[in-house]
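*Asks:* I have a structure I would like to understand better, so I am pasting it below and will then ask my questions one at a time.
Nothing in this text is a laboratory measurement; each read-out follows from the coordinates by a stated rule. Just so it is clear, the model here is predicted, and its values are computed rather than measured. With ideal geometry, Cβ positions are generated from the backbone for all residues, glycine too; neighbour counts draw on all protein chains shown.
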Amino acid sequence: MDWLNEHVGLVVLIATVILVILICIAISMVYSLRKKIAVQKPNFLDFYSIDFETRERYAALTIGNRSLNEVAIAELGVLNGKKSIPLTAKFKQKKNIAPDVRIVIEQRSSISFRLTEKELKDLLVPGKKGPELKTLRLYCVDLTGTLYKGKIKFVRKLLHEILNPGKAQTEHGGKVPEELLPVAPAAPEEPEAPAVSASAPEASVPVAEPAASPADPATPEAPAVIPEHEKK
């Protein structure tokens with residue numbers, strides 16, 4: 001007790017510091033939980049892919065929802081510079097969704113769709129010198145009117161190679177990469193010739209015997225032997 005009375009100020013200071021630390025930890029946990037629950041910030045992914053069977057190139061686009069709330073999408077599409085190309089109707093068509101049904105991304109989930117080379121060309125916008133390809137961004141707008149967007153640089157690279165095939169070959173050392181070349185059909189295998197066994201008997205060829213020469217004398221026949229009882 002004497003020690004506590006003498007160092008009461010130090011004890012109060014230590015207790016206060018510990019209490020402040022615990023309060024800071026609690027505030028941080030509450031803020032992090034609130035951010036996961038309340039804040040809706042979709043993330044955007046894009047892939048430059050090749051179909052395994054057809055060897056055709058396509059773009060794979062994904063919109064993810066990392067929050068603990070569902071995100072209802074009013075519109076989604078691609079921004080080419082400052083010009084937007086809505087893809088909501090195309091997405092619903094690809095996913096067999098009715099036109100009047102809302103697109104909803106469930107909590108901790110995502111939605112994905114593909115764009116073929118022909119569909120990627122529709123992302124171009126007319127310019128003074130022809131179709132223009134600027135910075136591409138995938139975007140979505142929720143029901144509150146909040147716009148979310150993210151760059152899709154791999155899709156832009158694919159679209160650039162589609163528009164400039166000669167330049168794409170130069171970037172790859174003057175030739176198209178093997179993964180972009182069509183796969184030739186395999187040649188049918190020829191039937192193998194039957195193997196000849198070394199131990200198989202060889203076919204014998206009959207050898208004609210030489211005919212007797214007419215000049216050779218005939219061999220005399222041996223005299224017949226008469227039994228003794230017939231001689232008597």
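*Asks:* Multiply the residue separation of T146 and I85 by 0.36 nm, subtract the distance between their alpha-carbon atoms, and state the gained length in nm to one decimal.
*Replies:* My answer for the length gained is 20.2 nm.
*Asks:* For the range 35-118, which semi-axes, largest first and in whole Å, follow from the square roots of 5 times the eigenvalues of its Cα gyration tensor?
*Replies:* In descending order the semi-axes read 24, 16, 14 Å.
*Asks:* List every residue whose amide H lies under 5 Å from the amide H of R66, counting only residues 5 or more places away in sequence or on a different chain, with H placed 1.01 Å from N in the peptide plane.
*Replies:* Result for R66 returns K41, N43.
*Asks:* Using the charge dipole of the range 16-169 (Lys, Arg: +1 at Cβ; Asp, Glu: -1 at Cβ; taken about the Cα centre), state which of L163, I105, T62 has its Cα farthest towards the positive end.
*Replies:* Positive-end residue among those listed: L163.
*Asks:* Largest first, please: the extent of the C-alpha atoms of the range 73-151 along each principal axis, to the nearest Å.
*Replies:* Projected onto its principal axes, the Cα set of the range 73-151 covers 43, 25, 22 Å.
*Asks:* Within 13 Å, Cβ to Cβ, of G127, how many net charges do the neighbouring residues add up to if Lys/Arg are +1 and Asp/Glu are -1?
*Replies:* Here the charged neighbours net out to +4.
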